[in-house]
Amino acid sequence: MEEGIHVALSAEKLGEFLGLTITNTLVTSWFVVLLLVTVGVLAGSRRKMVPGRFQTLLEWLFGGMYDYVAEVLESRDLARKFFPLLITIFLFVFVSNWLEFIPGIGSVGFFFSERGHSEFVPLFRSVNTDLNVPLALAIISFLVVEITGIITLGALKYGSKFIVNPIKNPIGFAVGLVELIGEIVRVVSLSFRLFGNILAGEIIIVVAIYFAPYLLPIPLMMFELFIGFLQAAIFALLTLFFIKLAVTEPH
C-alpha cells in the first residue's frame, strides 16, 4: 500500500529527562538558541575599531532598527531597555522559521515500534509548528507589556485604562471592558497567527512534494522563506506597538 501524507499537529516525544518531557521541537529550540549565542559571541569578539563591509552592514541594520524603536517609543531610554528583547524575539522566530528548510529538519530521526506498529519520529521539527512555542512567546510579550505599563504609569493610572466607573461614565466603562478583553485576546492572536502561518506553510509544501515533487516545492519554499521573515517581523513589531500603547498616558 502506498504511504499517504502524515502531518502531526503536536510535537513528537523523544524521551524524558528528570521527569520533563523532551520533544523534537524542544531539541530544535535548544539548537536555535545555541546557534544564536554562538553567532553573537563570534560577531562580538571580531568587532574592529575600523569596521569592514560586513560589520558596517550589521551596524547599519541594527542601528536602523534601534532608531525605529526609539522613534516609535519616543524615548531612546525606553528603546535601550526594550530593543534587546525585541531583536531577540525577531531573531529567534526568524531563525526558527528558516531552519525548517535546512536538510535534516523533519527527515533525520528514529523509528519507534509500539504494539507491532512502527512510526518514524523526527529528531528535529520546525519550532513554531508546535503551538507551545508561539504561546510561550506570546505570554512573554503579554507579561512584558502589562508589567511595563504598570511600572511606567503606576498601577492605578494603568488600571484606569480598563476600569471606569460605570455610573459616571457607562460608555467609558464599556470601552474599557472591550480594551481589557482585547489585552487578554492578544495572547491568543499572537500565538495562533504565528503557529497557523508556519504550520500551514509546512503542510502546503508537504502536499506539493507529494503530488508535484519536480514543479511546486522550490517556489513554495521561496515564498515560505519570505513568510518566515514576515511573521518574525510582525511578532516583534506587534510587541513594540503594544509596549507603546502600554506606556501611553490614558485619556
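Points to keep in mind about this one:
- When the range 159-210 is filtered for residues that are more than 30 Å from Phe92 (Cα to Cα) and within 29 Å of the chain's Cα centre (by Cα), the ones remaining, listed by number, are Gly159, Lys161, Phe162, Gly176, Leu177, Val178.
- Residues (within 21 Å of Asn128 (Cα to Cα) and touching a residue at least 24 places away in the same chain (Cβ under 8 Å)) located in the range 209-237: Met221, Glu224, Leu225, Ile227, Gly228, Phe229, Gln231, Ala232, Ala233, Ile234, Phe235, Ala236
- Leading residue by the ranking (surrounded by the fewest Cβ atoms within 10 Å (Cβ to Cβ)) among those in the range 87-102 that are in a loop (DSSP other than H, G, I, E, B) and in contact (Cβ under 8 Å) with a residue 12 or more places away in the chain: Phe101
- Checked against the criterion of being at pLDDT below 85 and closer than 24 Å to Val72 by Cβ, the candidates Ser160, Ser141 yield just one match: Ser160.
- Residues of the range 122-136 that are in a helix (DSSP H, G or I) and surrounded by 19 or more Cβ atoms within 10 Å (Cβ to Cβ): Val127, Asn128, Thr129, Val133, Pro134.
- For Val37: the one exception among (1) under 29 Å from Pro122 (Cα atoms); (2) within 16 Å of the chain's Cα centre (by Cα); (3) exposed (fewer than 14 other Cβ atoms within 10 Å of the Cβ): (2)
- Subset of the range 137-187 that is part of a helix (DSSP H, G or I) and of a type in the set (Lys, Arg) - its residue that is nearest to Thr28 (Cα to Cα): Arg186
- If only residues of the range 197-251 that are part of a loop (DSSP other than H, G, I, E, B) and among the hydrophobic types (A, V, I, L, M, F, W, C) are counted, the one that is surrounded by the most Cβ atoms within 10 Å (Cβ to Cβ) is Leu216.
The values are calculated or read from the model by the stated rules, or taken from the named source; none is laboratory data. Since the structure is predicted, the reported quantities are computational estimates derived from the model, not experimental observations. Note that we place each Cβ from the backbone using ideal geometry, even for glycine, and neighbour counts take in every protein chain shown.
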